[in-house]
Every structure is written in C-alpha cells, then in structure tokens.
Amino acid sequence: MNNHEVSLEGRRILEAELLRRGASSVVWQRTRKVLLLATSADASRTVDIRVKVKRRGNWHTTIDEGRAIDGALVPQKSGSFWILLDLGGPPRYWIVPERWIRNHIYETHREYIAEHGGHRPVNDSSRHHSINEMGVAEWQDRWEVLGLF
C-alpha cells in the first residue's frame, strides 16, 4: 500500500473502532486537514480528531504543528485530539490531547535543535518532524480522555 492507501485504511479502522466503543456518529470533514468528528451516544459531546497513521517507524508531521502552550501538561477538558494509529500489526492507538501533542512537537524540536548547535544537522530549511512511540507512550489506549464513552 502507498501512503495514501495506508491513511485511508487507518481512517476506516479508526471509524469502526470508535463506533464499536460507543460513539453514536463519526463524520469525516476535509478542511485544511482531514478531521474526524465523533459524537457520544447521548449526543452531549462531540470531539474533533486529527488522525496520523503509520505501518512502521514514526508518525510524520511538521514543526509548524508545534506550539508552546502554557499548562499543556495540566489536564484540560478539551474537544480536540490527535489519534496516532499504528497498523504494523494489530491496530494500536495513542489518544493524545491536541494541546499536549502540539507542545510536545514544539519542545522536542527545540531540544533537537539545541543538541545540534542551533541548526538541523543536514537541512536547516526542513520543516519535518517525527513523533516516536516512546515520546507518546503515556497516551497509548487512553480512550477515556475523549470523554465519549
């Protein structure tokens, strides 16, 4: 499968998983980014979810997604999440509050640049950022943070 096909398969699998867990509806929206809107069974809560899918290695995004967010580590009743999905075997999920992942991208990029004397070691103009499982380990299978089920 190419990257587009992996992404489509991941979205299909995630939609089925959310419905299996008790979401009453799952709607895909294409704005600037593809978003999933999931609603609780009693329709009292809808959350928006950004989906990142991988088969191996790390998830990929850009440093432009990073934001310094004061209090990002303080639990917030958020309506925005990223779900990181690994299809390298049976599906595995990391359910991450958007505030946390944006701050994580920002902080890990700053640390990476600092380790390399203030520059990227190969291409200073690159916007690429990877997210590894170890960095988001605390969010694996944290379905409860969605507040839908």
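We did not get these values from a lab; they are worked out from the coordinates using the rules stated. Please read these numbers as outputs of a predicted model, since none were measured by experiment. Glycine gets a Cβ as well: all are built from the backbone with ideal geometry, and neighbour counts include every protein chain shown.
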Size of the chain as Cα extents on the principal axes (Å, biggest first):
52, 39, 28
Across all Cα atoms of the stretch 101-149, Rg and the largest Cα-Cα distance (Dmax), in Å, are 14.5, 46
Report, to the nearest 10°, how far helix 3-21 tilts away from the longest principal axis of the Cα atoms in the chain, using its own Cα long axis and a range of 0 to 90°.
40 degrees
With 10 angstrom as the radius, rank His116, His109 by how many other C-beta atoms surround their C-beta, starting from the fewest.
His116, His109
From the helices alone, meaning DSSP H stretches of at least four residues, give me the mean residue ellipticity at 222 nm for the chain, per-run term -39500 (n - 2.57), in deg cm²/dmol to the nearest 500.
-8500 deg cm²/dmol
